[in-house]
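Visitor: Pasting a structure below so you can have a look.
The values are calculated or read from the model by the stated rules, or taken from the named source; none is laboratory data. Predicted, not measured: the structure shown is a model, and the values here were computed from it. Neighbour counts run over all protein chains shown; Cβ positions are idealised from the backbone, glycine included. When the accessible area is computed, the model is the full protein with side chains, heavy atoms only, and any ligands, DNA or RNA have been set aside. Shrake-Rupley method; radii C 1.70, N 1.55, O 1.52, S 1.80 Å.
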Amino acid sequence: KGAHGKKIPQSAEIINQVCRAMINHKCIQTIQSLGCLAIYRCTRLVPITDQRLAEDGFAAVIKALGTRFAVIEESEEAALIRHAFLALASISYWYPGNKDALLKLGAIELIEERILENDSDEGLFRAGVKALACLCATHPGHKEQILQVGLIKIVVDSMDKFAKIAEVQRAGCLFFARMAQNHSLSKARIAADGGTDQVIRAMSQHKGVRPVEEAGILYFAMACENPATRRKVAGLKVVLKAMQTLKGNEGDGIHCQGCLAISSFGFHCTTPVDRGGFTPRQSLDKL
């Protein structure tokens with residue numbers, strides 16, 4: 001209850017009302033943009049819940065993302081797309097009960113299309129990759145769609161284009177980590193399309209930037225099952241350097257994930273072919 005004793009509506013009720021406004025005013029760009037922003041901000045105010053949103057409601061976000069408004073400033077269109085990306089990220093993460101319905105709406109292809117159309121906008125790219133990371137973390141079907149449309153290579157190329165921007169590198173590394181988690185095909189594709197090398201570059205170029213290092217280490221913890229990833233000894237070097245940089249309580253997260261990455265590396269080094277001729281101990285000693 002609020003300060004005056006009045007009952008505060010549940011977050012799902014609020015979001016459904018916002019979505020109804022978007023549906024009723026689907027031709028007004030400002031309402032679409034601010035509606036997506038409201039959804040993004042409201043969903044983060046409550047714990048993760050199995051409560052489901054009205055399907056026709058969050059479909060409004062997908063429609064807003066795909067709508068081509070006749071008269072709109074370029075900056076306003078970019079803001080709309082960015083807000084829609086963030087709304088999709090929040091809905092998929094905070095309301096996992098909607099995961100099956102989201103899969104049917106075809107959000108992945110729209111995200112790819114919008115990222116390619118605005119490939120010089122780092123803020124829009126970062127929001128899009130955040131949406132992809134949240135979507136693929138909640139449903140393996142999204143991972144399969146991401147692989148089908150070739151988004152791994154698109155993310156690798158964009159990370160290379162925005163190499164100096166730490167927030168972009170963190171978003172890309174986290175996306176790769178979520179894709180690699182419990183999904184062998186994604187692990188192999190990320191390695192084949194240069195994703196592992198890009199994570200190593202990101203961690204090397206942003207040494208000491210904790211969010212980038214944490215996301216990069218998480219990727220290696222999730223991906224070392226793949227032989228091509230394990231052969232990237234440089235990947236373990238950046239993991240160890242990151243662990244050495246932070247000491248005490250501030251480095252707890254990095255140290256935990258770093259130990260997991262090294263453990264995964266050693267555990268999956270089971271054959272001479274996988275090890276490149278080295279035992280796990282010899283491989284680690286090379287570092």
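Visitor: Once label points are set 7 Å from the Cα along Cα→Cβ at both Ala101 and Thr67, what is their separation, rounded to one decimal in nm?
Guide: Computed distance between label sites Ala101 and Thr67 equals 1.9 nm.
Visitor: Further, regarding this structure: In µm²/s, what is D for the range 150-218 at 10 °C and 1.306 mPa s, where D = kT/(6 pi eta Rh) by Stokes-Einstein and Rh is the Kirkwood radius from Cα pairs? Could the numbers behind the result be given before it?
Guide: On the way: Rh = 11.6 Å.
The calculation lands on 137 µm²/s.
Visitor: Efficiency by 1/(1 + (r/R0)^6): what FRET value for Cys27 and Gln205, r their Cβ-Cβ distance, R0 = 45 Å, to the nearest 0.05?
Guide: Computed FRET efficiency for Cys27 and Gln205 comes out at 0.50.
Visitor: Now for a different question. Which value results when the Cα radius of gyration for the range 66-163 is divided by 2.2 N^0.38 Å?
Guide: Output field value: 1.05.
Visitor: Shifting gears a bit: By its C-alpha gyration tensor, with a ≥ b ≥ c as the square roots of the eigenvalues, how is the range 98-243 shaped: rounded for a/c under 1.5, else prolate for a/b larger than b/c, else oblate?
Guide: Since a/c reaches 1.5 but b/c is at least a/b, the shape of the range 98-243 is classed as oblate.
Visitor: Starting from the residue with the highest accessible area, list Leu185, Leu218 in decreasing order, probe 1.4 Å.
Guide: Heavy-atom accessible area, descending, gives Leu185, Leu218.
Visitor: Please compute the net charge surrounding Lys130, taking Lys and Arg as +1 and Asp and Glu as -1 over other residues with Cβ under 11 Å from its Cβ. Present the calculation step by step, with values, prior to reporting the outcome.
Guide: Values: positive: Arg82, Arg126, Arg170, Arg178; negative: Glu167.
Around Lys130, the charge tally is +3.
Visitor: With each label point set 7 Å from Cα along the Cα-Cβ vector, what nm distance links Glu144 and Ser263?
Guide: Between Glu144 and Ser263, the simple spin-label model gives 3.1 nm.
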